[in-house]
Amino acid sequence: MVNKVILVGRLGADPEIRYTQDGAMVTNLNIATNEQWRDKEGEKQQRTEWHRVVTFRRLAEICGNYLSKGSLVYVEGRMQTRSWDDKDGNKRYTTEVVATSMQMLERKGQGSDQADAVPNTYGGMSGSDTHDDVPF
């Protein structure tokens, strides 16, 4: 069986940073992807889909430090649904992508209209990774 998600899109907001009880960093990203097509009348149509992405540990640090609203990113991960009870005792669910790797597709300050993407890859990172430097 396979559970793999690949997204290329833009952040709709700055990353949300929080920490687990044991101090591990967690970063939540909201990534927008667009689909465009022409309808039967030849009119251009567009639909935006929003994806909730969560990163952990070193990958979360990198996302928190280097991504911001509007950043163009490539994300790989797996789909996960989790549940919890809200303050009223109702069962709540959310489905999100747990990211295992990320590529920044633009240099810092590069606009969305730039054609040449410059990938910076961060993948397969876990809490045991000892990479202290971001390689750029």
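The values are calculated or read from the model by the stated rules, or taken from the named source; none is laboratory data. All figures in this text were calculated on a predicted structure; none of them were measured in a lab. A quick note on method: Cβ atoms are made from the backbone with ideal geometry, for glycine too, and the neighbour counts reach across all protein chains shown.
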- [ ] Hey, could you check segment 1-27 for residues that are surrounded by fewer than 17 Cβ atoms within 10 Å (Cβ to Cβ) and polar (S, T, N, Q) and say which is nearest to Y74 (Cα to Cα)?
- [x] N3
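Let's see how each residue does on (1) modelled with pLDDT of 95 or more; (2) more than 11 Å from the chain's Cα centre (by Cα); (3) in a strand (DSSP E or B):
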| position | (1), (2), (3) |
| --- | --- |
| T81 | yes, yes, yes |
| E96 | yes, no, yes |
| R107 | no, yes, no |
| T121 | no, yes, yes |
| F136 | no, yes, no |
TODO: Using the structure shown, decide if T100 is touching a residue at least 24 places away in the same chain (Cβ under 8 Å), more than 12 Å from the chain's Cα centre (by Cα) and assigned to a strand (DSSP E or B).
DONE: no
TODO: List every residue pair whose Cβ atoms sit under 9 Å apart, with the two residues 6 or more apart in sequence or on different chains, where the first one lies in segment 59-83 and is farther than 15 Å from R18 by Cβ and the second, anywhere, is part of a helix (DSSP H, G or I).
DONE: V73/C63
Open item on the list: As an exercise: evaluate N65 against (1) outside any strand (DSSP E or B); (2) closer than 20 Å to N3 by Cα; (3) among the polar types (S, T, N, Q) and give the number of the one condition it does not meet.
Closed with: (2)
- [ ] Identify all residues within segment 28-48 that are hydrophobic (A, V, I, L, M, F, W, C), surrounded by 10 or more Cβ atoms within 10 Å (Cβ to Cβ) and more than 14 Å from M102 (Cβ to Cβ); write none if there are none.
- [x] A32
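Give segment 1-28 a look and list any residue that's among the aliphatic types (A, V, I, L, M) and either on the phi > 0 side of the Ramachandran plot or free of Cβ contacts under 8 Å to residues at least 60 places away in the same chain (or both), or say none. So that I can check it myself, show each step before the final result.
Applying the first criterion (among the aliphatic types (A, V, I, L, M)) to segment 1-28 yields 1-2, 5-8, 11, 13, 17, 24-26.
Within segment 1-28, M1, V2, A13, I17, M25, V26 meet the criteria.
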